[in-house]
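Take a look at the structure below.
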């Protein structure tokens, strides 16, 4: 069952990628947030090999959003520190 869900996730992600840029932010984020749960489910049912392939697929399809969120979370917190000192 998890394999069918993973295949449907790939088709949904491909369909979202075909949308115009301004219309794929919300569904793309939803699918990106669903990916870890899907990978855990794949791991429980099919083992670590399926997780490795699934992780490769997620990182391949969402490499730019992952880079963006990584940079956003690692951004310096100087603005927060300056605001609290005033």
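The values are calculated or read from the model by the stated rules, or taken from the named source; none is laboratory data. Note that this is a predicted model, so its numbers are computed, not measured. In this analysis, Cβ positions are derived from the backbone assuming ideal geometry, glycine residues included, and neighbour counts consider all displayed protein chains.
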### Query
Restricting attention to segment 32-48, which residues are under 12 Å from the mean Cα position of the chain (by Cα) and without any contact (Cβ under 8 Å) to a residue 24 or more places away in the chain?
33, 36, 37, 39
### Message
Please go through segment 6-59 and give me each residue that is exposed (fewer than 15 other Cβ atoms within 10 Å of the Cβ) and not in a helix (DSSP H, G or I), ordered by number.
### Response
18, 19, 20, 47
### Task
Being in contact with a helix residue (DSSP H, G or I) (Cβ under 7 Å, 6 or more places away or on another chain), over 22 Å from residue 51 (Cα atoms) and modelled with pLDDT of 90 or more is the filter here, so list the residues in segment 1-26 that pass it.
16
